[in-house]
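Right, one structure below, let's go through it.
What follows draws every value from the coordinates through simple rules; no lab data is involved. Model, not experiment: these values are computed from the prediction. Here the Cβ positions follow ideal geometry from the backbone for every residue, glycine too, while neighbour counts run over all protein chains shown.
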Amino acid sequence: MVRTLSRRCSIQSWGSFRIRRTNHDDHDDDHDADDYKQQQQLRTIDARNTNKPMEDQPPFIGEAPKEKPQSDMDQMKERFAKLLLGEDMSGGGKGVSSALALSNAVTNLAASIFGEQGKLAPMAPERKARWRKEMDWLLSVTDHIVEFVPSQQKSKDGTNMEIMVTKQRKDLLVNIPGLRKLDTLLIDTLDNFGQEQEFWYVSKNDDPENESSRREGKWWHPKVKVPPSGLSETSRRWLLSEKEAVSQVLKAAMAINASVLSEIEVPESYIDSLPKNGRSSLGDSIYKSITVEYFDPAYFLSSMDLSTEHKVLDLKNRIEASIIIWKRKMHHKEGKSSWGSAVSIEKRELFEERVETILHLLKYRFPGLPQSSLDISKIQDNKDIGHAILESYSRIIESLAFSILSRIEDILHADSLAQSSSSNSDDDATRLSSAETPTLLDFMGWGIDPLKRSSIDMENLFKVDSDKKASKPPVSPTPRPPIPELSDN
């Protein structure tokens, strides 16, 4: 090592000596050449002393190292490290709970894979593989959420004993395979639209009708186009069958999500924010409509202003708050209740049943609604990891199914518009072709409507017959004027 340092110093001194002895005119060129030679010699000496080839030496300053793609193991380590830290990269323990971290991970993964499903098209193979792989990572947590169940075991002497064994929790054992199947059905539905279809999409920038469509909803989506005469009967039947299948997936996902949310406890922070009674939560007008003697939920919804998503969500929040208030009052004894009220328990049960019916109709009439205040509070305060995974997985399947269903309805709507315009043009052509041929009286200006002409002829006929019977015919009848002939001019 000492010998190497001495040789390096001698080379440096020799280089500096040569630089001082050069002329002033070619000073810059020789300086650059000597520096380059000096760097090459130093790199050769270092490589020889460390027994490493030149290509393994660190690059020159300024050269960016090539980044290697992350392996599956590294990606999985990164995902679970964020989950363990509770999304708090500082490690200070200020992160969210494990349940909320898993819920956010599933939601963020779905947003990055699916995004806004603007058109019906197959998923890219890379995105599909990433979705399968990373969802398997996140769902692997549920394999270790177990419960004790009794089981029979035979001992060595032949006697049967009852012991407790571990088994995956019942709700996860039932719902996780079902959600995986619904997930596969939706992705297969998207793959079915990869074949050549009778509809296509145009960009909003390429559509000349974009300015008028901006006034309508979903103007940011690509616009679907169909042939001028509409879809064929085969394509229309196939679309209707796909719509029915996706509708069943949507109903199943909504049922699982509602069941999981009902099992999560209502947070105390949400309860503290509620008003004192259900009337204050609903408002006077809604409360009076619900507490009438004869109540019709369909008529109630038709009388409400549900023109915007915000108004529907506001009604849902009010109804859910009133349900929580009435349930708490019914589960507390009136003597110990701090919320005294003159309404009997029977009436509260009746009112609760009515508003639950309205809430059920709202959820199925507006399946794409955002989460209500109660749902958000439950998700954020939930500590059960199994419930968090079931809720988030069912929610994203529900959202994807609703998006696919909306795109299918867009195609059917465009088909109905094309069919109506085509039928109108056919009716106009038929009406023009089947018009009555003009008669000689029409050319002469004596044209009379056919119905009027027939009625007038019948009246004249009856009148002539009655005159013939009443009186004798005249001696010299007035001759009829001759009908003029049409000339070719």
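Structure above, values below:
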{"quantity": "Dipole axis of the range 62-162 (+1 Lys, Arg; -1 Asp, Glu on Cβ), positive-most option in SER112, HIS144, LEU85", "calculated": "SER112"}
{"quantity": "Backbone HN-Hα couplings from phi across the range 376-386 [Karplus 6.51/-1.76/1.60, Hz, Gly and Pro as x]", "calculated": "5, 5, 5, 5, 6, 9, 5, 10, 7, 5, x"}
{"quantity": "3J(HN,Hα) from dihedral phi, the range 142-153, Karplus parametrisation 6.51/-1.76/1.60, rounded to Hz, x for glycine, proline", "calculated": "5, 5, 10, 8, 10, 9, 8, 10, x, 8, 8, 9"}
{"quantity": "Amide H partners (placed H, <5 Å) of LYS223, local residues excluded", "calculated": "VAL202, LYS204"}
{"quantity": "Which listed pairs, of LYS133/LYS225; LYS128/LYS225; LYS82/LYS378; LYS170/LYS329, have C-alpha distances above 29 Å, in listed order", "calculated": "LYS133/LYS225; LYS170/LYS329"}
{"quantity": "Net charge, ALA129 excluded, C-beta distance under 12 Å - Lys, Arg +1, Asp, Glu -1", "calculated": "+1"}
{"quantity": "Peptide ranges 153-166, 292-305 listed from the most packed, as the mean C-beta count within 10 angstrom indicates", "calculated": "292-305, 153-166"}
